[in-house]
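The values are calculated or read from the model by the stated rules, or taken from the named source; none is laboratory data. What you see is a predicted model; the values in this text were computed from it and never measured. Note that each Cβ is placed from the backbone with ideal geometry, even for glycine, and that neighbours are counted across all protein chains shown.
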């Protein structure tokens, strides 16, 4: 009853789920964008490191830019691993690689963010006065802070543009690693703006501006880390399928039950739909009409009906039962509240 038929010859698939043309094009574009992101953020790390000087805000921004290398790398690795076909040891496939990548990025963000909060707070408590000197370049001597500001402009604009390109692809592919990457990058302009404010604050004699900016950036890193850790953990614990941004239960859960209830031999249906990474695993429990035991043809028709609803319905099981499981809430009742 489960799993679409094997198809070969296409690189654009998740496990043995062949991607429709639109999603295949979205995957190709997402992979290209993540390669560009990785290369671009590598240059950002080098530029910020070269101009950081004694600024705590710049050092914090450098660490955040270094962490920004993890999500695109996690995405590229997860997509590559997720293409493997199911095996005897992994009968559900390798789709969970996406969840592992999501969790890895979240733990790194949260751990480093907490360390940076401590470092920035201690800088404020010790009333550290970070020195920013001058630099001699192209025959001119000028304040190093201007180089820092230029570096932050460079590192702030690119991620914002890349994020806008990734967000629709994350929705199209139902990819939470790609969404987390885009969401963090979308907010990078705030990191850049905060760092610029801290550096300029030092320039006008506000010694506390630098550490304060670093503290605010650290809090932003912790917020991103905690949010992604929470969503990645609940997904790995088989939380019901949610939208790519984790804002709402995925509407496909209700669509599955509605489609099954329209079958003439089905009285009612309850389904468990869990997120395997890019695709969903569906266990549908249906109560047949009194005295109507479904035939194999009817069950196969029900499975095909669900597979045709959406490409994400990767592994489908339809089970006729006398009584629907009371452990599965009725989504119609939830929607009425």
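In segment 302-324, which residues are in contact with a strand residue (DSSP E or B) (Cβ under 6 Å, 6 or more places away or on another chain), in a loop (DSSP other than H, G, I, E, B) and in contact (Cβ under 8 Å) with a residue 40 or more places away in the chain?
Narrowing segment 302-324 to residues in contact with a strand residue (DSSP E or B) (Cβ under 6 Å, 6 or more places away or on another chain): 302-303, 306-307, 312-321, 324.
Subset that is in a loop (DSSP other than H, G, I, E, B): 312, 321, 324.
Of everything in segment 302-324, those that are in contact with a strand residue (DSSP E or B) (Cβ under 6 Å, 6 or more places away or on another chain), in a loop (DSSP other than H, G, I, E, B) and in contact (Cβ under 8 Å) with a residue 40 or more places away in the chain turn out to be 312, 324.
On the basis of being at pLDDT 90 or above and either assigned by TED's automatic domain parsing to the domain that holds residue 189 or outside any helix (DSSP H, G or I) (or both), does residue 267 make the cut?
Details: at pLDDT 90 or above: yes; either assigned by TED's automatic domain parsing to the domain that holds residue 189 or outside any helix (DSSP H, G or I) (or both): yes.
Judged against the criteria, residue 267 is a match.
For every residue, the table says whether it meets (1) farther than 22 Å from residue 225 by Cβ; (2) crowded, with 21+ Cβ neighbours inside 10 Å; (3) touching a residue at least 40 places away in the same chain (Cβ under 8 Å).
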| site | (1), (2), (3) |
| --- | --- |
| 44 | no, yes, yes |
| 51 | yes, yes, yes |
| 62 | no, yes, no |
| 71 | no, yes, yes |
| 74 | no, yes, yes |
| 79 | yes, yes, yes |
| 82 | yes, yes, yes |
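Yes or no, residue by residue, for (1) over 33 Å from the mean Cα position of the chain (by Cα); (2) closer than 25 Å to residue 101 by Cβ; (3) outside the structural domain of residue 102 (by TED's automatic domain parsing):
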{"site": "243", "(1), (2), (3)": "no, yes, yes"}
{"site": "262", "(1), (2), (3)": "yes, no, yes"}
{"site": "300", "(1), (2), (3)": "yes, no, yes"}
{"site": "312", "(1), (2), (3)": "no, yes, yes"}
{"site": "328", "(1), (2), (3)": "no, no, yes"}
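When the residues of segment 198-208 are filtered to those that are touching a residue at least 24 places away in the same chain (Cβ under 8 Å) and surrounded by 18 or more Cβ atoms within 10 Å (Cβ to Cβ), which remaining residue is nearest to the chain's Cα centre (by Cα)? So that I can check it myself, show each step before the final result.
Filtering segment 198-208 for residues touching a residue at least 24 places away in the same chain (Cβ under 8 Å) gives 198-200, 202-203, 207-208.
Right, trim to surrounded by 18 or more Cβ atoms within 10 Å (Cβ to Cβ) and you get 198-199, 202.
Details: 198: 30, 199: 31, 202: 36 Å.
Restricting to residues being touching a residue at least 24 places away in the same chain (Cβ under 8 Å) and surrounded by 18 or more Cβ atoms within 10 Å (Cβ to Cβ), the top hit is 198.
Each row is one residue, and each column tells you yes or no for (1) in a loop (DSSP other than H, G, I, E, B); (2) outside the structural domain of residue 194 (by TED's automatic domain parsing); (3) more than 19 Å from residue 106 (Cβ to Cβ).
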site	(1), (2), (3)
43	no, no, yes
61	no, no, yes
65	no, no, no
85	yes, no, yes
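Could you check, for segment 278-298, whether at least one of its residues is part of a loop (DSSP other than H, G, I, E, B), crowded, with 20+ Cβ neighbours inside 10 Å and in contact (Cβ under 8 Å) with a residue 60 or more places away in the chain? Quick ask: steps written out before the conclusion?
Of segment 278-298, the ones part of a loop (DSSP other than H, G, I, E, B) are 278-279, 289-295.
From what is left, the residues that are crowded, with 20+ Cβ neighbours inside 10 Å are 278-279.
In the following step, the residues that additionally are in contact (Cβ under 8 Å) with a residue 60 or more places away in the chain were identified as 278-279.
Looking through segment 278-298, at least one residue is part of a loop (DSSP other than H, G, I, E, B), crowded, with 20+ Cβ neighbours inside 10 Å and in contact (Cβ under 8 Å) with a residue 60 or more places away in the chain.
With respect to residue 116, determine if the residue is closer than 23 Å to residue 159 by Cα, surrounded by 15 or more Cβ atoms within 10 Å (Cβ to Cβ) and either at pLDDT 75 or above or assigned by TED's automatic domain parsing to the domain that holds residue 42 (or both). It would help to see each step written out before you state the result.
Values: closer than 23 Å to residue 159 by Cα: yes; surrounded by 15 or more Cβ atoms within 10 Å (Cβ to Cβ): yes; either at pLDDT 75 or above or assigned by TED's automatic domain parsing to the domain that holds residue 42 (or both): yes.
Judged against the criteria, residue 116 is a match.
Given (1) modelled with pLDDT of 85 or more; (2) more than 25 Å from residue 316 (Cβ to Cβ), where does residue 211 come up short, assuming only one miss?
(1)
Search segment 14-30 for residues being surrounded by 18 or more Cβ atoms within 10 Å (Cβ to Cβ) and touching a helix residue (DSSP H, G or I) at 6+ places or on another chain (Cβ under 9 Å), and hand back the single one that is modelled with the lowest pLDDT. Reasoning before the result, please.
The first filter runs over segment 14-30 and keeps only residues surrounded by 18 or more Cβ atoms within 10 Å (Cβ to Cβ), leaving 14-19, 23, 26-27, 30.
Filter once more, so that each one left must be touching a helix residue (DSSP H, G or I) at 6+ places or on another chain (Cβ under 9 Å): 14-15, 18-19, 23, 26-27, 30.
Values: 14: 65, 15: 59, 18: 78, 19: 82, 23: 89, 26: 92, 27: 91, 30: 94.
Per the criteria, the residue is 15.
Being surrounded by fewer than 18 Cβ atoms within 10 Å (Cβ to Cβ) and over 22 Å from the mean Cα position of the chain (by Cα) is the filter here; which residues of segment 185-196 pass it?
193
Have a look at 180, 105 and point out the one that is modelled with pLDDT of 80 or more and in a helix (DSSP H, G or I). Don't jump to the end; show me each part of the working.
Values: 105 fails: modelled with pLDDT of 80 or more.
One residue alone meets the criteria, 180.
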